[in-house]
Amino acid sequence: MRCGSDQWPCVRSVDIWFQKYDISNVLDIIDSDEYMQATSAFAEYMVKAIPNVNNLDMQLFNDSDKHLKQFCSVVSNSYAHRLISYNCSIPVVWTANAFSPELRHLSVNLDINGKQALPKINAANIESIKLKGDISGVSWKSFASNSGDSASITFSNLKSLTVRHTNMEDEPALADKNDSETSNKEYFALRMPKLNDITLHGIGNNFRILNASIEFRHLKNAYIHGSHSVLNLLGNASKARIDGCTVDISLNSDADLDAFYEAPNAFFGSSTKISHAELIIAINMDTDVCLQKWDSRRIEWTNLHMLTVYNSFKLGAVVDMLARVPKLTKLEVAAILFDEAFESRLDRVEPISTNINELYLHASIDDDRKEAKFDSIKYLILAAPSLKKFKLWMYEDFDHALFVEEYKDLHPHVANIAWEQL
């Protein structure tokens, strides 16, 4: 068969699965520059031989080398103007100005050294977007129109959005915000009327994509991980519905506590329509610092159903927290400590207005109060008549059978609790 640009004109889809191999023997014969030139020449020949590709999928499940990146860069940029679907796990250097306006599906891996803009993408037609790698420098500008109101972008057909930051280095320093784009704080209003699935993972406080708000109607699934500031992206949640969401955020000792309380309060507040919501908070500070800074009275999580907090709290803080999260059904905390400011007399228990039915504790022994080592646990169990399951991870045994026998007459619900100690 004769080789030429019309060799396979009918081919529309190309899937390439790369396999890692050792090219050291090849480089003993020709130098790296020659091998790079040969790589580029082969990529160019493939494009000429298969000129009408509009679905391109290139995958590698190991680290890529510079030669593989060069091959994928040549192929990706050559086909960009005609692609309907593009999926590539290998980071490439983009020189194309724009993708085809007919692009429907986009999945790219952004080089950790790239910080470069993607080719222009037609927001009106795109249906799914997956961005992974170093997301810190990504901006919504790649989706903005060159005419009209570029700060307002409508993704008419977008159904799925995944942004996953996988660079384990620290997020960009505040000084990085001095470039022309972020210093102007260019803000984008994003309309996604058909969006039903969103994943935002590993997003830090200073990432450019946070300079926006997403307006949506009905999310079936939402997964948020990273800074509490990511919740501000979904600032128009009060106008929409969310079937299920998991929010996994961290709180550091130098965090802006006003901003921390504000973002979850807005997202999990009474105006948000969420069928099932789970919040996981990793409080990355010493227990003493946490006890000083945490204020349950500032919580307004009226639409939260499951809460996990990785740190310890005093009993009074937990009681206040439960009262301010009325739909909560499951709570998991590291420990509940004795609270000298909270009178936890077991003969004068005041019921908490709560729907909690599962309570998980990882420890609760206060070594300074051996004579009342389980009082905080006992008080909380007695004060939550809706409790159905109690799980405890600790070295010392909690004699729940004796506890039930002692309090079942005054608090009948304790006899129906499922007990588990690990």
Residues of segment 306-316 satisfying the condition of being crowded, with 20+ Cβ neighbours inside 10 Å and either at pLDDT 90 or above or of a type in the set (A, V, I, L, M) (or both)
L307, V309, L315
Restricting to segment 39-66, count the residues that are part of a loop (DSSP other than H, G, I, E, B) and aromatic (F, W, Y).
1
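So in segment 172-215, with the set limited to residues that are basic (K, R) and modelled with pLDDT of 85 or more, which one is nearest to A117 (Cα to Cα)?
Ranking the candidates gives R208 first.
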Collect the residues in segment 323-361 that are within 16 Å of A277 (Cα to Cα) and in a strand (DSSP E or B), keeping them in residue-number order.
K330, L331, E332, E358
Could you tell me whether any residue of segment 364-376 is in a strand (DSSP E or B), assigned by TED's automatic domain parsing to the domain that holds E262 and either modelled with pLDDT under 85 or crowded, with 22+ Cβ neighbours inside 10 Å (or both)?
no
Residue check for M306: closer than 30 Å to G235 by Cβ and touching a Lys or Arg at 6+ places or on another chain (Cβ under 7 Å)
yes
So is N113 at pLDDT below 80, closer than 22 Å to N206 by Cα and not assigned by TED's automatic domain parsing to the domain that holds I16 or not?
yes
Can you name the number of the only condition in (1) surrounded by fewer than 18 Cβ atoms within 10 Å (Cβ to Cβ); (2) at pLDDT 90 or above; (3) part of a strand (DSSP E or B) that E262 fails?
(3)
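The values are calculated or read from the model by the stated rules, or taken from the named source; none is laboratory data. For clarity, every value in this text was computed on a predicted model and none was experimentally measured. Cβ: placed from backbone, ideal geometry, glycine included. Neighbour counts: every protein chain shown.
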